[in-house]
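Let me begin by presenting the structure, written as structure tokens, before commenting on it.
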Amino acid sequence: MLDSSYLGLTNVGDVSQAVIRAAINGELDDVEYATDPIFGFAAPTECPEVPSELLDPRSTWTDPAAYDARAKELAGLFSENFQEFAAQAGEEIVAAGPVAG
């Protein structure tokens, strides 16, 4: 969420700093959050000084289906790589991983 350089924005630091500042100042405590269906992280749907569309990674792609495919691919790669460590991790950690499909 914080690395907006992939979007071609020129003021990348401004966006990242605005999100961090809002979190530190408690400005995200009472906003609505959306949970990513693949990775399970919760992201605020609004943040002062940040366009809402930047808070939803999927909406930053011109082709949402391409985002979905890439996200599922990344989730699969993560899950595959994590298998090496799964036996040492607790059930809660394993269950918190992404859903590949």
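Condition first: at pLDDT 90 or above, hydrophobic (A, V, I, L, M, F, W, C) and part of a helix (DSSP H, G or I). Can you find one or more residues in the stretch 2-17 that meet it?
No, the stretch 2-17 has no match at all.
In the stretch 65-101, how many residues are surrounded by fewer than 11 Cβ atoms within 10 Å (Cβ to Cβ) and within 15 Å of P37 (Cβ to Cβ)?
Within the stretch 65-101, residues that are surrounded by fewer than 11 Cβ atoms within 10 Å (Cβ to Cβ) and within 15 Å of P37 (Cβ to Cβ) number 2.
Looking only at the stretch 68-92, how many residues end up being within 16 Å of the chain's Cα centre (by Cα) and either among the charged types (D, E, K, R) or in the same structural domain as D36 (by TED's automatic domain parsing) (or both)?
Number satisfying all stated conditions: 4.
Looking only at the stretch 13-34, how many residues end up being free of Cβ contacts under 8 Å to residues at least 12 places away in the same chain, among the hydrophobic types (A, V, I, L, M, F, W, C) and surrounded by 11 or more Cβ atoms within 10 Å (Cβ to Cβ)?
The qualifying residues number 1.
Could you please give the count of residues in the stretch 45-63 that are free of Cβ contacts under 8 Å to residues at least 40 places away in the same chain, in a helix (DSSP H, G or I) and under 18 Å from R21 (Cβ atoms)?
1
The values are calculated or read from the model by the stated rules, or taken from the named source; none is laboratory data. The structure displayed is predicted, hence computed values, not measured ones. Reconstructed Cβ throughout: ideal geometry from the backbone, glycine too, with neighbour counts over all protein chains shown.
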